[in-house]
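Novice: Right, I'll just put the structure down here and ask away after.
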Amino acid sequence: MRVAYLDCFSGMSGDMFLGALVDADVPFQLLEETVAGLNIGARLEISRVNRSGITATKVDVYSHGEKDLPREVYWEQREHENHGHAHDGQSHEHSHEHEDSRAGAPPTPHSQTHQHEQGHPHEHSHGRGLTEIKQIISGAAINETAKQTAIAIFEALGMAEAKIHNSDIETVHFHELGAVDAMVDIVCAAVGAETLRVDEIICSPINVGGGTVKCTHGTFPVPAPATVELLKGMPVYSSGIQAELVTPTGAAIVKTLAGRFSAFPPMTIEKTGYGAGTRDFPGHANVVRLTLGEVQILDGASSSQEMITVLEANLDDLNPQIFGYVIDRLLQEGALDAFCVPVQMKKDRPGMLLTVLCKSEDALRLTDLLFAETTTLGVRRRDEKRQALARRWVNVETRWGQVRMKLASMNGTVTNYAPEYEDCRRIASERHVPLKDVMQEAVREYLQSRH
């Protein structure tokens, strides 16, 4: 099985991912053509740079003639300019009034602004809503799978922003310049990832950095609010570097593209690419590494092997009404699966065996949940090997709305596919149509898209 391993030891941003793709031999011309096809006034530039001794590819986005910058770099330059203007007798408010007149204004439900991490936080006369952005992507000269992936990444970004600002996703507007930069990063990421022709993208735990970061609406701790929302469910850590290493777009790309998170898998390496960030930290290579290769097949099976933890508890005195609630809580808190089976216990008492499958790093937290929510006095724990097919998501359009399809692959061939139950359930409830009809149409649309 061919995989790509994304090593985020220095965080993740959209431009770093594009650099890694190009460094791993994704044709730069393909990305240039993709950007030109969007027709949004953007272009790419490529260079080779050194980051703490590692040579990497740097991809820069220019939108409307302005170079894309990390927000920390932008705010440093802005403060330097303000300091210079102060010496020239010019006030801060006067010198930047036209440039960023609404920078300090709180967001409103109908005019949300998105601070794109790699772009200047200027606000132009209007912004692009998610619907308009989806229309631009849908009209781009790229294949349908890449379009669906790009839209899914943007939707993840929009949902995070909507939650942070307590608004509906359709009211979130990305300011003009930020929308351009984000579309370039996201659409090129979708096209480039597909060009890799891998069965699965696996990601390392992500280094988020530390300290604080300045945004249009103030100073926030790293990771920034939208980034934290996007990183839910992902393994993260901080190496202590006082800088924003993970950007919202980078987090959204990982959230959508990565099938799972793990340490470096057993594989035969084919090629490696390094994508550079803008900043150069002393003694720390500010790059993301993309490694392509064939995963070693274990025990003759066409699947990857991983270790999971199994938690078990026998219950004979728990109110039956509570079981459904406990299982829902376990799944919400990160359990891979949770289920009950009837058992006959001591003294001929009927009971239930509650079983939880989880990642080892979640086992202690989920054990505490079992003690808090059930009547058990003990929880058994063991680690087991699990063979797992490569899995990924694609979006399909039904007459009632978009549904995610889970695809499982073996030796590069899709062997199983199923519509996401929660998507179908939501549509069935909102549109008042039978659930089985939604699921059947999702499968039909997916099969048609393969031809």
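Novice: Give me the one-decimal nm value for the distance between modelled label points at Arg425 and Leu331, 7 Å along each residue's Cα-to-Cβ direction.
Specialist: According to this spin-label approximation, the distance is 0.5 nm.
Novice: From the residues Gly351, Gly378, Ala335, which one has its Cα farthest along the dipole of the range 309-451 in the positive direction, the dipole being from +1 and -1 charges on Cβ of Lys/Arg and Asp/Glu about the Cα centre?
Specialist: Ala335
Novice: Continuing with the same structure: Rounded, prolate or oblate, given the Cα gyration tensor of the range 363-451, with a/c below 1.5 counting as rounded? It would help to have the intermediate numbers written out before the result.
Specialist: Values: a/c = 4.13, a/b = 1.59, b/c = 2.60.
Oblate.
Novice: Further question on the same structure: For Ile241, Ile322, Ile202, give the ranking by accessible area with the largest first, probe 1.4 Å.
Specialist: Numbers: Ile241 35, Ile322 60, Ile202 0 Å².
Ranked list, largest accessible area first: Ile322, Ile241, Ile202.
Novice: Please calculate the 1.4 Å probe accessible area of Leu331, with all protein chains present, and give it to the nearest 10 Å².
Specialist: Taking all protein chains as shown, Leu331 has close to 80 Å².
Novice: Go ahead and collect, in residue order, the members of the range 307-329 whose backbone nitrogen is under 12 Å from a label point 7 Å along the Cα-Cβ direction of Arg349.
Specialist: In the range 307-329, the label zone of Arg349 (backbone N under 12 Å from the point 7 Å along Cα→Cβ) covers 314-319.
Novice: For Trp393, Trp400, write out the residues from largest to smallest accessible area, computed with a 1.4 angstrom probe and no ligands counted. If you can, show how the numbers build up before the last one.
Specialist: On the way: Trp393 110, Trp400 40 Å².
Ranked from most to least accessible, the order is Trp393, Trp400.
Novice: Still on this model: Could you please state how large a percent of the accessible area of the range 380-442 is carbon and sulfur, counting protein chains only and using a 1.4 Å probe? Intermediate values should be presented prior to the final figure.
Specialist: On the way: 1820 of 3900 Å².
Using a 1.4 Å probe with all protein chains present, the range 380-442 comes out at 47 percent carbon and sulfur.
Novice: Straight distance only, please: which lysines reach the Cα of Lys147 with their own Cα at less than 22 Å, same-chain residues fewer than 8 apart left out?
Specialist: Lys134, Lys255, Lys406
Novice: Please compute the per residue accessible area over the range 185-324 with all protein chains in place, 1.4 Å probe, rounded to a whole number of Å². Write down the numbers at each step before the final one.
Specialist: On the way: 5270 Å² over 140 residues.
In whole numbers, the range 185-324 has 38 Å² accessible per residue.
Novice: At 1.4 Å probe size, with the rest of the protein present, what percent of the exposed accessible area of the range 147-266 is carbon and sulfur atoms?
Specialist: Values: 2140 of 3770 Å².
Of all accessible area on the range 147-266, carbon and sulfur atoms account for 57 percent.
Novice: Shape of the range 268-375 from its Cα gyration tensor (a ≥ b ≥ c, root eigenvalues): rounded if a/c is under 1.5, otherwise prolate when a/b > b/c, or oblate? It would help to have the intermediate numbers written out before the result.
Specialist: Working: a/c = 4.38, a/b = 2.17, b/c = 2.02.
Since a/c reaches 1.5 and a/b is larger than b/c, the shape of the range 268-375 is classed as prolate.
Novice: Compute the separation of the alpha-carbon centres of the range 19-43 and the range 195-273 and state it in Å as a whole number.
Specialist: Between the Cα centre of the range 19-43 and that of the range 195-273, the gap is 22 Å.
Novice: Next up: Once you order the gyration tensor axes a ≥ b ≥ c over the Cα atoms, which shape class does the range 292-451 get: rounded for a/c under 1.5, otherwise prolate or oblate by comparing a/b with b/c?
Specialist: Values: a/c = 2.63, a/b = 1.40, b/c = 1.88.
The shape class here is oblate.
Novice: Defining a contact as two alpha carbons under 8 Å apart and six or more residues distant in sequence, what relative contact order in percent does the range 152-290 show? Please list the in-between numbers first.
Specialist: On the way: 170 pairs, mean separation 36.7, N = 139.
After rounding, I find 26 percent.
The values are calculated or read from the model by the stated rules, or taken from the named source; none is laboratory data. None of these values were measured; they are calculated from a predicted model. Counting neighbours? That spans all protein chains shown, and the Cβs are built from the backbone with ideal geometry, glycine included. Each accessible area value is taken on the protein alone, full model and side chains, heavy atoms only, with ligands, DNA and RNA left out. Shrake-Rupley method; radii C 1.70, N 1.55, O 1.52, S 1.80 Å.
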